[in-house]
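To keep things clear, I will list the structure first and then write my remarks on it.
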């Protein structure tokens with residue numbers, strides 16, 4: 001594993017690199033909403049060939065999701081499998097696309113988070129970036145601590161299903 005959050009794996013597509021967002025980083029946010037994207041996250045975005053970050057509210061509206069174009073493509077692919085005019089599809093399209101902002105990184109690796117998103121997430125002076133594999137989240141740092149503690153406590157008895165196993169992918173009990 002490299003420090004950049006990019007993993008070499010034999011089972012990666014074509015035996016290449018699998019880019020993942022990992023780690024937690026706290027950075028200052030200025031009055032204009034500018035914040036530096038953590039260097040490991042910038043390296044992951046670079047490995048994925050995109051200088052654009054799509055930022056949108058999380059479904060519970062406590063934080064922001066940072067996702068790549070490939071992630072958005074996968075969301076679109078899944079939505080396209082649904083009935084075009086179903087209320088469920090429309091609700092998901094609104095949630096996934098209508099509030100998403102495409103943010104371009106400047107040469108220093110900063111993005112400008114829109115004021116309404118900062119306010120929604122309760123972010124003022126500092127912002128916490130939390131890697132989540134194929135995406136990352138942006139939180140108010142103290143809110144993230146509480147969220148992580150609650151989720152880690154809830155995960156104590158969870159294990160991941162082994163590759164090729166049937167089922168939902170998460171099981172209770174020890175591995």
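On the given criteria, is residue 28 modelled with pLDDT of 90 or more and within 15 Å of residue 106 (Cβ to Cβ)?
For residue 28, the condition - modelled with pLDDT of 90 or more and within 15 Å of residue 106 (Cβ to Cβ) - is not met.
On the given criteria, is residue 50 in contact with a helix residue (DSSP H, G or I) (Cβ under 8 Å, 6 or more places away or on another chain), in a loop (DSSP other than H, G, I, E, B), under 25 Å from residue 96 (Cβ atoms) and at pLDDT below 90?
yes
Give me a count of the residues in region 125-145 that are over 15 Å from the mean Cα position of the chain (by Cα) and modelled with pLDDT under 95.
So the answer is 0.
How many of the residues in region 119-132 are more than 18 Å from residue 24 (Cβ to Cβ) and in contact with a strand residue (DSSP E or B) (Cβ under 7 Å, 6 or more places away or on another chain)?
1
Can you give me the ranges of the strands (runs of 3 or more DSSP E) entirely in region 81-164 with at least 1 residues that are exposed (fewer than 13 other Cβ atoms within 10 Å of the Cβ)?
The qualifying strands (runs of 3 or more DSSP E) are 101-104, 158-160.
The values are calculated or read from the model by the stated rules, or taken from the named source; none is laboratory data. The structure presented is a predicted model; accordingly, all values stated were derived computationally and were not measured. With ideal geometry, Cβ positions are generated from the backbone for all residues, glycine too; neighbour counts draw on all protein chains shown.
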